[in-house]
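First comes the structure, then the notes that go with it.
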Amino acid sequence: MMEGFRQLQIEITNECNASCVFCPHRFMQRKIQHMTKDLIRKIVNEVRSKNLINPELPMGLCGLGEPFLHPEFKEVIDIVSEVPYAIGSNASVMIPAKIEKIFQKPFKTFTLSVDAATPEVYHKMRPGLNFNETQHNIENFVRYLRMSDTPFWKVIYFQFIVTEINQG
């Protein structure tokens, strides 16, 4: 492993369906794009051939976009699952078919970004998203966790960024 190397993170898409008050995505000037499967394959092959992944810090699918919005999400998961990977989501578009896919291709860590406990605060924190839909998606995710015969993940995080809006 490269000295000083901590964690590799790739932004498979910079598309996001929210306008979160704390996120710099709303100021982004770049064109909305999705990383191609060929580029993802190239990255994964290089990571594997050069042994760049620390199993304790899996390759993260993150950035300024919502990974579940990648139009070829299932195929992307097939590719990235060749190395230990982590994924994060605002949980708003985690439909059952996509949740099922990440359970077929086990992740190491998963971060669910919620940032609110009530619909009113959620709407202020994450404009454009629906609290009830997100809650339902998280409940489906937890159902899949409970159905898993053998826990394969290391950590499930619930991320809550504290701001003046949600601190209460």
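For the stretch 9-24, taking the residues that are farther than 13 Å from Ala86 by Cα and surrounded by fewer than 16 Cβ atoms within 10 Å (Cβ to Cβ), the one that is modelled with the lowest pLDDT is identified as Pro24.
Against the definition (of a type in the set (A, V, I, L, M) and free of Cβ contacts under 8 Å to residues at least 60 places away in the same chain), how does Val76 come out, yes or no? Answer is no for this residue.
Please work out which residue is farthest from Glu15 (Cα to Cα), limiting yourself to the stretch 47-74 and to residues that are in a helix (DSSP H, G or I) and open to solvent by 80 Å² or more (accessible area, probe 1.4 Å). So, considering only residues that are in a helix (DSSP H, G or I) and open to solvent by 80 Å² or more (accessible area, probe 1.4 Å), the one farthest from Glu15 (Cα to Cα) is Ser49. The residue of the stretch 25-48 that is modelled with the highest pLDDT, among those that are farther than 15 Å from Gly63 by Cβ and touching a strand residue (DSSP E or B) at 6+ places or on another chain (Cβ under 9 Å), is Val44.
Give the residue, chosen from Ser89, Ser81, that is at pLDDT 90 or above, under 16 Å from Lys37 (Cα atoms) and small (Gly, Ala, Ser). Among Ser89, Ser81, only Ser81 is at pLDDT 90 or above, under 16 Å from Lys37 (Cα atoms) and small (Gly, Ala, Ser).
Whether any residue in the stretch 120-132 is closer than 27 Å to His34 by Cα, within 15 Å of the chain's Cα centre (by Cα) and either modelled with pLDDT of 95 or more or hydrophobic (A, V, I, L, M, F, W, C) (or both) is what I want to check. Looking through the stretch 120-132, none of the residues is closer than 27 Å to His34 by Cα, within 15 Å of the chain's Cα centre (by Cα) and either modelled with pLDDT of 95 or more or hydrophobic (A, V, I, L, M, F, W, C) (or both).
The values are calculated or read from the model by the stated rules, or taken from the named source; none is laboratory data. The shown structure was predicted, so the numbers you read here are calculated from the model rather than taken from an experiment. Glycine also receives a Cβ, built like all others from the backbone with ideal geometry; neighbour counts cover every protein chain displayed. For the accessible areas, the whole protein counts, side chains as well, though only heavy atoms, and no ligand, DNA or RNA atoms are used. Shrake-Rupley method; radii C 1.70, N 1.55, O 1.52, S 1.80 Å.
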